[in-house]
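Undergrad: Starting off with a structure, shown below.
The values are calculated or read from the model by the stated rules, or taken from the named source; none is laboratory data. Being a predicted model, the structure only gives us computed values, none of them experimental. Glycine also receives a Cβ, built like all others from the backbone with ideal geometry; neighbour counts cover every protein chain displayed.
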Amino acid sequence: MRRSREGDRPVTDRSRGASNRPVGADELDLFSDGGGPGPSGPETPSAHDRSGADPDSGAGLAVPAPLAARMRPRGLDEVRGQDHLLGPGRPLRRMLEQGQVSSCILWGPPGSGKTSLARLLADHTQAAFVSFSAVTEGVARVREIIREARTRLEVSGRRTILFCDEIHRFNKSQQDAFLPHVEDGTVILVGATTENPSFEVNRPLLSRAPVLILNPLSPEALREILERALADDERGLGQERLSATSEALDFLAQGGDGDARRALGALEVAGRLAGPGGVLDLAVAREALQHRFALYDKGGEEHYNLISALHKSVRGGDPDGALYWLARMLEGGADPLYIARRLIRMAVEDVGLADPQALPHTVSAWQAHHFMGSPEGDLALAHAVVRLASAEKSNRVYRAFNQARAAARESASAPVPLHLRNAPTKEMKDWGYGEGYLYDHDQDGGVARQTYLPPELGSPSFYEPSRHGEEAGIAQRLSRWQRLRQEGGDASGHPGNEGG
């Protein structure tokens, strides 16, 4: 199951109420703040934040926003955990301080601050901020926003930041709708995604909107955010006069798993559990946080990151690391049979013939899980993981097959040597099929003095056994057979006449 995505309810441009009719000169107030563009105008995100109300809830209702929404950073100095982008002297910070911004893609995990950063971009450039979700809206809404942005630019000279949340939900052709308007400057596109943009965003758009990577927030950064929320009288829980133990704050910061929204949501629940003037101790924090969901997205990049970590831990001979990554995937909802199939791949790729029993062991684990299901079958996968990680390793068969496959492609028309051909009919025998073939069981040492490759290939050596595990014995046998095979062949490599 996917984790919650970046952004709360979409913050829409005020002009959206007139979305189905053309924008005229009598509606220019839709594109201005009544007193000139600036951070205090109603189109800017900070005005929405300060209201403490849901911007889509209507003027007559003041619905309290969640703590995470109220505590969005109002300025660059309130942003935590992204010093590589916004620290003093960093290029993005210098650009914002100069009031300049260009289209970009914000890539980061949930709760890392993508939406907040997009709003701060609008604040520092005095641009109109229009939020758009690729989950709930389509290309028709994009065209509508573009028309409004073009009118705004022509009439008031004010630019528009189009914030597209979940931009990866658009397919590649839908993403093309942004291109001409980003290129001609009608809008500044700020896309947000939790998925790897190199997989999910098309190349033309990436060339016009460079990727800015946001890190998951560290426990230290999350603790600062929690402490600020506890103390803030205006937006946070300061008026509740709550106190929190250090252990409780550390627990909530660790339990946030890098997600500020998750940590603040748990703090808000803990505050309700403790009541005004109460104490947030470790027991309250545990009850508020409930279950820590593993960071795992089986449809996205994290899926590949985790299976890569599992594979490399097995290859590196670390059973502890392999068990940890196996548990992370299972706890996050990965398909156990997918993991079993990958373990079979590890058995043949990385363990190979150094431990020939690794393959049947992993196949048995797959069958056991298929038979029992979770959670009982998970232990069979753990058995296979430990067996693979602790086994002798050899990738020589894997390498040999890749080399043989490459040679087969390059010599796809090389004929099978006559002595290796089958001759089921009299005519084929008359044509020389099978002539000169030596039956290995009748030869000295059980090895015929003949070759088994087309002459065009020469004498390649695809498979070179390692000296690890049982493959060491294979290496000795093949070396002995090679010596016997070479004793009777002629200079051309064709079989000799001895052997009967």
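Undergrad: Residue by residue through the stretch 143-200, note down the ones that are among the basic types (Lys, Arg) and farther than 25 Å from residue 99 by Cα.
TA: Once the filter is applied, which keeps residues that are among the basic types (Lys, Arg) and farther than 25 Å from residue 99 by Cα, the stretch 143-200 yields 143, 169, 172.
Undergrad: Pick out the one residue from 203, 150, 228, 261 that is surrounded by fewer than 21 Cβ atoms within 10 Å (Cβ to Cβ), closer than 30 Å to residue 65 by Cα and out of contact with any Pro (no Cβ under 6 Å at 6 or more places or on another chain).
TA: Matching residue, one of 203, 150, 228, 261: 228.
Here's the yes/no breakdown for (1) assigned to a loop (DSSP other than H, G, I, E, B); (2) under 20 Å from the mean Cα position of the chain (by Cα); (3) at pLDDT below 90:
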site	(1), (2), (3)
272	no, no, yes
286	no, no, yes
294	yes, yes, yes
303	no, yes, yes
312	no, yes, no
317	yes, no, no
324	no, yes, no
329	no, yes, yes
333	yes, yes, yes
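Undergrad: Here is a list of conditions, (1) outside any helix (DSSP H, G or I); (2) of a type outside the set (Asp, Glu); (3) farther than 25 Å from residue 341 by Cα, and residue 394 meets all of them except one; can you say which number that is?
TA: (3)
Undergrad: To continue, here is another question. Examine the stretch 483-494 for a residue that is at pLDDT 85 or above, farther than 30 Å from residue 331 by Cα and surrounded by 16 or more Cβ atoms within 10 Å (Cβ to Cβ), and state whether such a residue exists.
TA: no
Undergrad: Just the residues that are among the basic types (Lys, Arg) and part of a helix (DSSP H, G or I), please, taken from the stretch 217-238.
TA: Answer for the stretch 217-238, where residues must be among the basic types (Lys, Arg) and part of a helix (DSSP H, G or I): 223, 228.
Undergrad: I've got another one for you. I need a count of the residues in the stretch 161-186 that are β-branched (Val, Ile, Thr), farther than 30 Å from residue 258 by Cα and either surrounded by fewer than 16 Cβ atoms within 10 Å (Cβ to Cβ) or in contact (Cβ under 8 Å) with a residue 60 or more places away in the chain (or both).
TA: Here the count works out to 1.
Undergrad: Another one. Return only the number of the condition from (1) under 35 Å from the mean Cα position of the chain (by Cα); (2) surrounded by fewer than 15 Cβ atoms within 10 Å (Cβ to Cβ); (3) more than 22 Å from residue 458 (Cα to Cα) that residue 426 does not satisfy.
TA: Only one criterion in (1) under 35 Å from the mean Cα position of the chain (by Cα); (2) surrounded by fewer than 15 Cβ atoms within 10 Å (Cβ to Cβ); (3) more than 22 Å from residue 458 (Cα to Cα) is unmet by residue 426, namely (1).
Undergrad: Still on this model: Would you confirm, using the coordinates I've provided, whether residue 404 is in contact with a Phe, Trp or Tyr (Cβ under 6 Å, 6 or more places away or on another chain), assigned to a helix (DSSP H, G or I) and closer than 14 Å to residue 462 by Cβ?
TA: yes
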